[in-house]
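Taking it in order: structure first as structure tokens, then the write-up.
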Amino acid sequence: MNEKTITIQEQLSGGSSSWGGFFTSLTATPLAGFWIRAVAFGIDGLLLYAFFIRLLFPLTTGFSLGYPLLPAVIVPFGAIVYFTALNGPLGKGRTPGKHLLGIVTRGPDGTPLSWSASYLRAVIQCLPLIAFAVEGMILHLSTPGAPELETQFAVAALLTIPCIALFGATAASAGMRPDKRGLHDTLFGSFTFKAGRAEEALDFLSAIPLEAIRRSWRVVGVLGLACLGLLEFRDYSFRKDQKEYAQFIDALWAAHSIPGFHLRTLGRIQLDWVREEVTEGNPTPAAPPRTAPAQGGADAAPTSESKTIYLAYPIKYVRYGNVDRQALLETIAQTNLTTGVAQWMQGRWNTDSIPAPILRLRDWLRMNPQVRCQQINVRFVEAMDVLSVLRYPHFKIVHEESFPFDLDRKTTVSLEAGQRIK
């Protein structure tokens, strides 16, 4: 065993000398460990989020709405360009996050990565973003309801979840291996070290025992497969409830569809807040005063208060792109769409045809008498579809109508055509 190997095993002391670990001392090696790289990556991610979601898209909303699929392409493409340029020849291996934390990424010989190597490395780093973008574009073209849900399940199982698991395995590799290399580093021979310690880092890498790296690969493989299995199981466990709700949306869309819009209420029911009322009840006996009352005064008996929260069941028609409000209103008037939706809901409000998710919601409301759901909101929304994981940078309610409907008490309200709350 040579002197360099002994030095490495001493530096990686504490029971992890054979394969490194997440908690290797920050000063033990010249290489940048998992946590410092994770923080640097997080800083870069926040910068990209601020630029695209909080600056670029709000300033270019009008243009972006004309091309609804374009933002979903711009975000991963911009992230790839960012990491390619700064980890490559332009930034010489230092993104803003790495610069703040004093770490550098270089190629196998200690020089900056080439454009091609930096680009392919960035693609692997951005795989989850790419997967979410592809998933969003596929769902954008799907029919609302059961077809959309089946498409979502298939894309998640075959694309999104494996990409997330691969990203997790890459992060685990950077933490578990003694050379602190992720999968993207292994493919292109890159390494990340603390600024000013390039020569020391190269010597350190060349002296790491091959057997230590092999053992760490086995650990990373197990963690990656475990991550994949857990994510697939989680996705599968939610399918029953989502399928029941998708069948309800499927039936509603078949009866009351509108060209150019999507019925985006899959997954779970979220009620709209309407108002809150506080009523005073009977006075309760007052506690004996600790001090004498003021001149001519007496302690008033406190009164009990009851709070009632009123919610509304939302039906959301979403269009990813510009909405011509005048044309929308004309379509609603011609097809009697909003009133038809409310009447359709009433027609299904019996024990035989009520959808299972709404039945569970009604049971929950009955167990919480302080919460009332007595109206339906039919809402038309103009949105910009970027990435589902990043939420909408633009979400504008173009038109909304509300109708009376006693969801929690199972009592139908007489609804004539044109009868609205607002």
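Quick check on residue 226: is it touching a residue at least 60 places away in the same chain (Cβ under 8 Å) and either of a type outside the set (Lys, Arg) or in contact with an Asp or Glu (Cβ under 8 Å, 6 or more places away or on another chain) (or both)?
Considered against the rule, which asks whether it is touching a residue at least 60 places away in the same chain (Cβ under 8 Å) and either of a type outside the set (Lys, Arg) or in contact with an Asp or Glu (Cβ under 8 Å, 6 or more places away or on another chain) (or both), residue 226 comes out as no.
Could we say that residue 207 is in the same structural domain as residue 98 (by TED's automatic domain parsing), touching a strand residue (DSSP E or B) at 6+ places or on another chain (Cβ under 6 Å) and surrounded by fewer than 17 Cβ atoms within 10 Å (Cβ to Cβ) here?
Judged against the criteria, residue 207 is not a match.
For the stretch 220-256, enumerate the residues that are acidic (Asp, Glu) and more than 30 Å from residue 334 (Cα to Cα).
Of everything in the stretch 220-256, those that are acidic (Asp, Glu) and more than 30 Å from residue 334 (Cα to Cα) turn out to be 232, 235, 241, 244.
Can you report the number of residues in the stretch 329-345 which are over 21 Å from residue 251 (Cβ atoms) and either of a type in the set (D, E, K, R) or touching a His at 6+ places or on another chain (Cβ under 6 Å) (or both)?
Residues flagged as over 21 Å from residue 251 (Cβ atoms) and either of a type in the set (D, E, K, R) or touching a His at 6+ places or on another chain (Cβ under 6 Å) (or both) within the stretch 329-345 amount to 1.
Within the stretch 120-136, is there a residue that is assigned by TED's automatic domain parsing to the domain that holds residue 183, touching a residue at least 12 places away in the same chain (Cβ under 8 Å), over 28 Å from residue 173 (Cα atoms) and assigned to a helix (DSSP H, G or I)?
Yes; the residues of the stretch 120-136 include at least one that is assigned by TED's automatic domain parsing to the domain that holds residue 183, touching a residue at least 12 places away in the same chain (Cβ under 8 Å), over 28 Å from residue 173 (Cα atoms) and assigned to a helix (DSSP H, G or I).
Residue under question is residue 49, and the condition is that it be in the same structural domain as residue 180 (by TED's automatic domain parsing), among the aromatic types (Phe, Trp, Tyr) and assigned to a loop (DSSP other than H, G, I, E, B); does it hold?
Judged against the criteria, residue 49 is not a match.
Regarding residue 162, is this residue buried (at least 19 other Cβ atoms within 10 Å of the Cβ) and out of contact with any helix residue (DSSP H, G or I) (no Cβ under 6 Å at 6 or more places or on another chain)?
Here the answer is no, as residue 162 does not meet what is asked.
For the stretch 260-267, state whether one or more residues are modelled with pLDDT of 80 or more and on the phi > 0 side of the Ramachandran plot.
Checking the stretch 260-267: at least one residue is modelled with pLDDT of 80 or more and on the phi > 0 side of the Ramachandran plot.
Does residue 386 qualify as being surrounded by 13 or more Cβ atoms within 10 Å (Cβ to Cβ), under 18 Å from residue 262 (Cβ atoms), at pLDDT below 70 and of a type in the set (Val, Ile, Thr)?
yes
Can residue 340 be described as out of contact with any strand residue (DSSP E or B) (no Cβ under 7 Å at 6 or more places or on another chain) and modelled with pLDDT of 80 or more?
Taking the combined requirement at face value, the residue satisfies it.
Just the residues that are closer than 17 Å to residue 318 by Cα and surrounded by 20 or more Cβ atoms within 10 Å (Cβ to Cβ), please, taken from the stretch 100-145.
The answer is 136, 144, 145.
Only one of (1) acidic (Asp, Glu); (2) modelled with pLDDT of 90 or more; (3) under 30 Å from residue 328 (Cα atoms) fails for residue 185. Which number is that?
The number of the failed condition is (3).
Looking at the stretch 172-198, which of its residues are assigned to a strand (DSSP E or B) and under 19 Å from residue 84 (Cβ atoms)?
Scanning the stretch 172-198 gives 191, 192.
Taking the conditions exactly as written (out of contact with any Ser or Thr (no Cβ under 9 Å at 6 or more places or on another chain), buried (at least 19 other Cβ atoms within 10 Å of the Cβ) and at pLDDT below 90), does residue 212 satisfy them or not?
No; evaluated as a whole, the condition is false for this residue.
The values are calculated or read from the model by the stated rules, or taken from the named source; none is laboratory data. Owing to the predicted nature of the structure, the values given are computational and were not obtained by experimental measurement. Please note: Cβ atoms are built from the backbone with ideal geometry, for glycine as well, and neighbour counts cover all protein chains shown.
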